[in-house]
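I have placed the structure first, in the form of structure tokens, so that the comments after it can refer back to it.
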Amino acid sequence: MNRQELTHAERVDWLRLARTPQVGPVTFARLIARYGNAADALEALPDLAAKGGRINALKIVSREHAEAELAATDDFGARILMACEPDYPDLLAVLDPPPPVISVQGRLDPDAAPCCAIVGSRNSSAIGIRFARDVARELGQAGITIVSGLARGIDGAAHTGSLDTGTIAVLASGLDHIYPPEHADHHQAIARQGLLVTESPLGAVPTARDFPRRNRLISGLSLGTVVIEAAMRSGSLITARLAAEQGREVMATPGSPLDPRAKGTNKMIRDGAALIESADDVLDILRQAKRPVAAESETPDYLADVSEEADGAVRARIAELLSPSPVSIDELVRQSGASAGEVHSVLIELELAGRASVLPGGLVQMAYQDDPD
């Protein structure tokens, strides 16, 4: 997205579009690309949702509600940043696509120094906690800002080790919701000395679907991600996968084959993640890492041909091809016989209708319909 200053009215419309149910980050980016601004996209939403088969009216966030969120966030001592604005973090801005809106609280500038994520098991071992704390402290002393998720275990240790040198906590909740409760001191200290970041509005309580979004922000803010202790089904492995998809460095610490908390990290290393035994190992990799930048002259694939219309038969064929399991948009193009532009346009309509979820990374899956009310 092109960086630009927004007027207050434009910020309100941007927030309304981002907070409207069924408008995910991919559909948001496509709507902005198609209509040029949030105001015109908002006006088009009811017709697009109806084309996608929505029965009940789409609940578009009101101007008053968006104004109230902006005012409440300001009163809370925090800021809402739109993805097109100059203050939006550089490494998030180059994601495919970037989160449309984030809320931040604190004085730390995420673009002032290289960032590295440290994540791992909530049910961590004593040696894992010590290693995470020590590595975070040493990286901080070397000028690296540490990013983590403020969870129990490894996350909390990483924040403890880097609080004095610079740490960013990414939340699945609103800025005013402290989770877990025992990290209240961490939460308050990071708000004063570091930076809290979230996609969720004030008052939001985290749900299961919010944690993958949080993980995408953790890896997205960072040049590299270090995983310290992770079981085979750990959310930390999702963060590592997202980092790889984003073109960031992926690192892991080895552990005992007898410890279930090491099975995920050991597998990461077997699959190609860099083996990390010290902060110096991390620094060596970060020094060689290429900082991702947006290609000014290229339009991302997910934004190509977003204005191409599709007829009812094409729309029905694409909807029939969806299932609860994610499928690539390229595969939908091949199997439907429709053009890429038609598929992209239909997916906007189906997501607004509550019939599809368009995921970052070029995947889409069937979604459940909203409740009628």
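A few points about this structure:
- The single residue among Val282, Val364 that is modelled with pLDDT of 95 or more and surrounded by 16 or more Cβ atoms within 10 Å (Cβ to Cβ) turns out to be Val282.
- Restricted to segment 220-234, and to residues there that are under 17 Å from Ser121 (Cβ atoms) and either among the polar types (S, T, N, Q) or buried (at least 20 other Cβ atoms within 10 Å of the Cβ) (or both), the residue that is modelled with the lowest pLDDT is Ser234.
- Residues in segment 319-356 that are more than 19 Å from Ala41 (Cβ to Cβ), among the polar types (S, T, N, Q) and open to solvent by less than 50 Å² (accessible area, probe 1.4 Å): Ser323, Ser328, Ser336, Ser339.
- Pick from segment 201-216, criterion of a type outside the set (Lys, Arg) and part of a loop (DSSP other than H, G, I, E, B), ranking: surrounded by the most Cβ atoms within 10 Å (Cβ to Cβ): Pro201
- Meets criteria (in a helix (DSSP H, G or I), open to solvent by less than 20 Å² (accessible area, probe 1.4 Å) and small (Gly, Ala, Ser)) for Ala9: no
- Residues that are of a type outside the set (A, V, I, L, M) and open to solvent by less than 10 Å² (accessible area, probe 1.4 Å), drawn from segment 146-159: Ser148, Gly149, Asp155, Gly156, His159
- Among the candidates Asp176, Asp185, Asp164, Asp155, the residue that is under 22 Å from the mean Cα position of the chain (by Cα) and more than 28 Å from Trp14 (Cα to Cα) is uniquely Asp155.
- Residue check for Gly174: open to solvent by less than 10 Å² (accessible area, probe 1.4 Å) and not in a helix (DSSP H, G or I): yes
- In segment 248-271, the residue that is most open to solvent (accessible area, probe 1.4 Å) out of those that are part of a loop (DSSP other than H, G, I, E, B) and at pLDDT 95 or above is Asp271.
- Among residues of segment 200-228 that are on the phi > 0 side of the Ramachandran plot, those with a Cβ under 9 angstrom from a residue that is open to solvent by 10 Å² or more (accessible area, probe 1.4 Å) and hydrophobic (A, V, I, L, M, F, W, C), sequence gap 6+ or separate chain, pair up as Gly203/Ala72.
- Boolean, Ala295 is open to solvent by less than 40 Å² (accessible area, probe 1.4 Å), farther than 30 Å from Ile228 by Cβ and at pLDDT below 95: no
- So Ala41, is it part of a helix (DSSP H, G or I) and surrounded by 19 or more Cβ atoms within 10 Å (Cβ to Cβ): yes
- Restricting Arg233, Arg241 to residues that are assigned to a helix (DSSP H, G or I), over 18 Å from Ile146 (Cα atoms) and not polar (S, T, N, Q) narrows the list to Arg241.
- Residues of segment 117-141 satisfying the condition of being touching a helix residue (DSSP H, G or I) at 6+ places or on another chain (Cβ under 6 Å) and either surrounded by fewer than 17 Cβ atoms within 10 Å (Cβ to Cβ) or outside any helix (DSSP H, G or I) (or both): Ala117, Ile118, Val119, Gly120, Ser121, Ser124
The values are calculated or read from the model by the stated rules, or taken from the named source; none is laboratory data. Only a predicted model underlies this, so the values are computations on that prediction, with no experimental measurement involved. So basically every Cβ, Gly included, is an ideal-geometry build from the backbone, and we count neighbours across all protein chains shown. SASA here: full protein model, heavy atoms, side chains in, ligands and nucleic acids out. Shrake-Rupley method; radii C 1.70, N 1.55, O 1.52, S 1.80 Å.
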